[in-house]
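Chemist: This is the structure I want to talk about, given as structure tokens.
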Amino acid sequence: MFTDTEVIEFFTNEMLLVKLNGNEDTLTKAEYRVSGYPTTVLLNSEGRDIDRIIGYRPPGEYTQTLVDYSNGIGTLDDLLRRAGSEEDRNLYYEIAEKYKYRSSLVEAENWFDRVIEAGEPTDSLSGMSRLGKADMYQRAGDYRRSLESFVKMAEDFKGTIYEETADIYTAIVYNRMEDTTGAMAAFQKFMEKYPESEDAEYAREQIERLQNPPERVE
């Protein structure tokens, strides 16, 4: 991304870029509540968080989003203003995601719930919202609540892609809880249940890693 000539020119002429390693600069990471990588936080001259970009985007889309944000377009404040006069589940979902990646758990949960309440309980947007909530819990370290959410979701969305997604994340959460027995059983169940899934190989690799953990260096 930052080796692209368009992006280099943008940050040379339009905005100041500061790159930080969140694993080392933990104070700045905590101050701006960064919960995943890569995250681009756009700040004003006073250091206030205008908005942020999560993940990778094509160079042109990336720089245009920063320009839009600097002009107040598509920011959380802009979406909240629109939500005051529009009933739009997609808009509610965007707001929930923005709060989620600010680690604003109560606000994110409220907006995810608005998406679910305004539609059918097992439609696509409800599925995405429940995934968003369960993922938010595990990012916050509330593994038990995340696990319960993914297990319940697999039951409610049986026969859909959301069941498969919930099942693989169930195994991942067990793994992050350092529950080796639960993780191995969940990954094994996933492989047997979804042998043609693109995540089946990942599940097999995780089982092998759990069975043969690397030796710790003292």
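Chemist: List the pairs whose first member sits in region 42-59 and is assigned to a loop (DSSP other than H, G, I, E, B), whose second member is surrounded by 10 or more Cβ atoms within 10 Å (Cβ to Cβ), and whose Cβ atoms are under 6 Å apart, counting only residues at least 6 apart or on separate chains?
Modeler: Asn44/Ile50
Chemist: Also: Run down Glu107, Glu120 and say which single residue is part of a loop (DSSP other than H, G, I, E, B) and at pLDDT 95 or above.
Modeler: On the way: Glu107 fails: part of a loop (DSSP other than H, G, I, E, B).
Sole residue among the options that is part of a loop (DSSP other than H, G, I, E, B) and at pLDDT 95 or above: Glu120.
Chemist: Taking region 24-38 as the region of interest, how many residues are in contact (Cβ under 8 Å) with a residue 12 or more places away in the chain and either touching a Ser or Thr at 6+ places or on another chain (Cβ under 6 Å) or of a type in the set (Ser, Thr, Tyr) (or both)?
Modeler: Of the residues in region 24-38, 4 are in contact (Cβ under 8 Å) with a residue 12 or more places away in the chain and either touching a Ser or Thr at 6+ places or on another chain (Cβ under 6 Å) or of a type in the set (Ser, Thr, Tyr) (or both).
Chemist: I need a count of the residues in region 67-87 that are closer than 19 Å to Glu9 by Cβ and either among the β-branched types (Val, Ile, Thr) or modelled with pLDDT under 90 (or both).
Modeler: Total meeting the criteria: 1.
Chemist: What tally of residues in region 134-162 results from selecting those that are small (Gly, Ala, Ser), touching a residue at least 24 places away in the same chain (Cβ under 8 Å) and either closer than 18 Å to Asp199 by Cα or part of a loop (DSSP other than H, G, I, E, B) (or both)?
Modeler: So the answer is 1.
Chemist: Here is a further query. Residues to consider are Ala154, Ala134, Ala171; find the one that is within 15 Å of Ala108 (Cβ to Cβ) and modelled with pLDDT of 95 or more. Please lay out each step first, then the result.
Modeler: Working: Ala154 fails: within 15 Å of Ala108 (Cβ to Cβ); Ala171 fails: within 15 Å of Ala108 (Cβ to Cβ).
After applying the criteria, what remains is Ala134.
Matching residues to (1) of a type outside the set (D, E, K, R); (2) more than 25 Å from Pro38 (Cβ to Cβ):
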site	(1), (2)
Arg82	no, yes
Tyr92	yes, yes
Leu125	yes, yes
Asp142	no, no
Tyr162	yes, yes
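Chemist: From the set of residues in region 173-189 that are without any contact (Cβ under 8 Å) to a residue 24 or more places away in the chain and buried (at least 18 other Cβ atoms within 10 Å of the Cβ), which is farthest from Val151 (Cα to Cα)?
Modeler: At the first step, the residues of region 173-189 found to be without any contact (Cβ under 8 Å) to a residue 24 or more places away in the chain are 178-179, 181-182, 185-189.
Still in the running and buried (at least 18 other Cβ atoms within 10 Å of the Cβ): 186-187.
Values: Ala186: 11, Phe187: 14 Å.
Restricting to residues being without any contact (Cβ under 8 Å) to a residue 24 or more places away in the chain and buried (at least 18 other Cβ atoms within 10 Å of the Cβ), the top hit is Phe187.
Chemist: If you don't mind, there's one more thing I want to ask. What are the residue pairs meeting all of these: first residue in region 78-97, first residue farther than 20 Å from Glu109 by Cβ, second residue exposed (fewer than 15 other Cβ atoms within 10 Å of the Cβ) and not polar (S, T, N, Q), Cβ atoms under 6 Å, and 6 or more apart or on different chains?
Modeler: Short answer, once both residue conditions are applied: Asp78/Gly72.
Chemist: Looking only at residues that are charged (D, E, K, R) and free of Cβ contacts under 8 Å to residues at least 60 places away in the same chain in region 101-130, which one is surrounded by the fewest Cβ atoms within 10 Å (Cβ to Cβ)?
Modeler: Glu120
Chemist: Next question. Kindly list the number of the only condition in (1) at pLDDT below 90; (2) more than 16 Å from the chain's Cα centre (by Cα); (3) surrounded by fewer than 12 Cβ atoms within 10 Å (Cβ to Cβ) that fails for Asn90.
Modeler: Against the list (1) at pLDDT below 90; (2) more than 16 Å from the chain's Cα centre (by Cα); (3) surrounded by fewer than 12 Cβ atoms within 10 Å (Cβ to Cβ), Asn90 comes up short only on (1).
Chemist: Sticking with this one: Which of the residues spanning region 9-35 are assigned to a loop (DSSP other than H, G, I, E, B), surrounded by 13 or more Cβ atoms within 10 Å (Cβ to Cβ) and among the basic types (Lys, Arg)?
Modeler: Answer for region 9-35, where residues must be assigned to a loop (DSSP other than H, G, I, E, B), surrounded by 13 or more Cβ atoms within 10 Å (Cβ to Cβ) and among the basic types (Lys, Arg): just Arg33.
Chemist: Quick check on Lys189: is it among the basic types (Lys, Arg) and not in a helix (DSSP H, G or I)?
Modeler: Spelling it out, it is not the case that Lys189 is among the basic types (Lys, Arg) and not in a helix (DSSP H, G or I).
Rundown of residues vs (1) over 19 Å from the mean Cα position of the chain (by Cα); (2) surrounded by 13 or more Cβ atoms within 10 Å (Cβ to Cβ); (3) more than 24 Å from Arg114 (Cα to Cα); (4) basic (Lys, Arg), yes/no style:
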position: Val7; (1), (2), (3), (4): yes, yes, yes, no
position: Tyr37; (1), (2), (3), (4): no, no, yes, no
position: Val41; (1), (2), (3), (4): no, yes, yes, no
position: Tyr56; (1), (2), (3), (4): no, no, yes, no
position: Gln64; (1), (2), (3), (4): yes, yes, yes, no
position: Leu79; (1), (2), (3), (4): no, yes, no, no
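The values are calculated or read from the model by the stated rules, or taken from the named source; none is laboratory data. Bear in mind the structure is a predicted one, so any value in this text is a computation, not a measurement. Positions of Cβ are generated from backbone atoms using ideal geometry, with glycine treated the same way; all protein chains shown enter the neighbour counts.
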